[in-house]
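J.: Could you have a look at this structure, given as structure tokens, before my questions?
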Amino acid sequence: PPKGLYEGLYQSSQDSLKQPRVVLSAQQQMVVGNAFLETFNICAVPVLAIAVHSTHLHLQGEFDPARVRILCGKAKRNAWLRLCEVGCNLKLWAKRGKYQPIKDYQHHKNTHAYILKHADENAWVWKWNKKGGSVIHVPK
């Protein structure tokens with residue numbers, strides 16, 4: 001888009017913020033990722049991949065569609081509590097996330113690759129494997 005096309009919309013969005021934008025450090029990204037994995041493990045939700053960027057998070061898991069918001073809410077709360085333990089107690093999450101069901105196998109593969117590619121953007125990235133899962137990228 002031409003330069004400045006969305007400047008008004010961007011400025012309006014910035015003006016509506018109640019606090020400065022939260023940017024997670026590498027340590028905080030790891031705390032958030034582990035908290036999400038911990039929550040979903042307790043709730044018996046298989047997680048295939050997760051990427052925690054300094055400003056956003058992507059997750060691919062096998063959710064019951066009727067419970068996805070509730071379970072993600074639990075994971076968000078757990079992550080916030082874990083961050084409070086390391087000294088970050090700012091408001092962290094938007095009211096509602098975006099939850100997209102996987103349509104078919106190609107959509108599954110594309111989503112998985114998209115999440116893993118966040119390693120190139122210096123995100124904390126974890127993926128499932130036969131041993132349970134492993135971190136494949138730690139931000140610097």
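The values are calculated or read from the model by the stated rules, or taken from the named source; none is laboratory data. This is a predicted model, so every value here is computed, not measured. Note that each Cβ is placed from the backbone with ideal geometry, even for glycine, and that neighbours are counted across all protein chains shown. Accessible surface areas use protein heavy atoms only, side chains included; no ligands, DNA or RNA. Shrake-Rupley method; radii C 1.70, N 1.55, O 1.52, S 1.80 Å.
J.: Quick check on Leu83: is it of a type outside the set (Val, Ile, Thr), open to solvent by less than 50 Å² (accessible area, probe 1.4 Å), under 21 Å from Ala123 (Cβ atoms) and not in a helix (DSSP H, G or I)?
T.: Numbers: of a type outside the set (Val, Ile, Thr): yes; open to solvent by less than 50 Å² (accessible area, probe 1.4 Å): yes; under 21 Å from Ala123 (Cβ atoms): yes; not in a helix (DSSP H, G or I): no.
It is false that Leu83 is of a type outside the set (Val, Ile, Thr), open to solvent by less than 50 Å² (accessible area, probe 1.4 Å), under 21 Å from Ala123 (Cβ atoms) and not in a helix (DSSP H, G or I).
J.: Of all residues in region 3-29, count the ones that are in contact with a strand residue (DSSP E or B) (Cβ under 8 Å, 6 or more places away or on another chain), of a type in the set (A, V, I, L, M) and part of a helix (DSSP H, G or I).
T.: 1
J.: Open to solvent by 80 Å² or more (accessible area, probe 1.4 Å) and not in a helix (DSSP H, G or I): does that describe Lys95?
T.: yes
J.: How many residues does region 98-112 hold that are exposed (fewer than 13 other Cβ atoms within 10 Å of the Cβ), touching a residue at least 12 places away in the same chain (Cβ under 8 Å) and not hydroxyl-bearing (Ser, Thr, Tyr)?
T.: Count: 1.
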